[in-house]
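The values are calculated or read from the model by the stated rules, or taken from the named source; none is laboratory data. Computed from a prediction, not measured in an experiment: that's the story for all the values here. Backbone-built Cβ (ideal geometry, glycine too); neighbour counts: all protein chains shown.
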Amino acid sequence: MKKALYKILAVIILLAIAWFAFIYFVPYSEGTRSGELIKITHKGVIFKTWEGEISQGISGAQIFSFSILDKDEQIINDLKEYQGKYVKLTYIERYASFVFWGDTKYFITEVEKETSPHFNK
């Protein structure tokens, strides 16, 4: 009886590890988006995560929400500096997220300051 319980527990643990590895190492998509950075915030009660939003339209009708992993300190600092500016974000979309990573499935891997196409001289 104990052997069967240990085997079931081992299978459950291996499945959990495999699921975590799949979520972490296998991206659903990769891409870039540009827009005006309208929000960067560190929020949460138990798990503090970095979240942000860019406006992709002139009227702010299309909002792209994203998360930033805590280990990406340079990206966080750059986003704080570029608040209110036009930026280009490179991201990875994952199949799912964990509560301690962020609220969205989109994770920023690179940020660049851009010139706005709406206000070119």
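Out of curiosity, is ASP72 out of contact with any Cys (no Cβ under 6 Å at 6 or more places or on another chain), crowded, with 17+ Cβ neighbours inside 10 Å, of a type in the set (D, E, K, R) and within 20 Å of GLY31 (Cα to Cα)?
yes
Name every residue in the range 76-121 that is in contact with a Lys or Arg (Cβ under 6 Å, 6 or more places away or on another chain) and polar (S, T, N, Q), in order of residue number.
Within the range 76-121, SER97 is the sole residue that qualifies.
Okay, residues lined up against (1) among the aromatic types (Phe, Trp, Tyr); (2) farther than 30 Å from TRP19 by Cβ; (3) surrounded by 12 or more Cβ atoms within 10 Å (Cβ to Cβ); (4) modelled with pLDDT of 90 or more:
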site	(1), (2), (3), (4)
THR41	no, no, no, yes
SER59	no, yes, no, no
SER65	no, no, yes, yes
ILE68	no, no, yes, yes
THR90	no, no, yes, yes
GLU93	no, no, yes, yes
TRP101	yes, no, yes, no
THR104	no, no, yes, yes
ILE108	no, no, yes, yes
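Whether any residue in the range 64-84 is in contact (Cβ under 8 Å) with a residue 12 or more places away in the chain, farther than 16 Å from THR109 by Cβ and in a loop (DSSP other than H, G, I, E, B) is what I want to check.
yes
Okay, residues lined up against (1) at positive phi; (2) in contact with a Phe, Trp or Tyr (Cβ under 6 Å, 6 or more places away or on another chain); (3) at pLDDT 90 or above:
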site	(1), (2), (3)
LYS7	no, no, yes
PHE20	no, no, no
SER34	no, no, yes
ILE38	no, no, yes
GLY44	yes, no, no
GLY52	no, yes, yes
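Please go through the range 1-37 and pick out each residue that is β-branched (Val, Ile, Thr), part of a strand (DSSP E or B) and more than 15 Å from ILE68 (Cα to Cα).
Matches in the range 1-37: none.
Tell me, which residue of the range 19-33 that is closer than 14 Å to PHE98 by Cβ and hydrophobic (A, V, I, L, M, F, W, C) is surrounded by the fewest Cβ atoms within 10 Å (Cβ to Cβ)?
Ranking the candidates gives PHE25 first.
Is one or more of the residues making up the range 54-62 within 15 Å of the chain's Cα centre (by Cα) and not in a loop (DSSP other than H, G, I, E, B)?
There is at least one residue in the range 54-62 that is within 15 Å of the chain's Cα centre (by Cα) and not in a loop (DSSP other than H, G, I, E, B).
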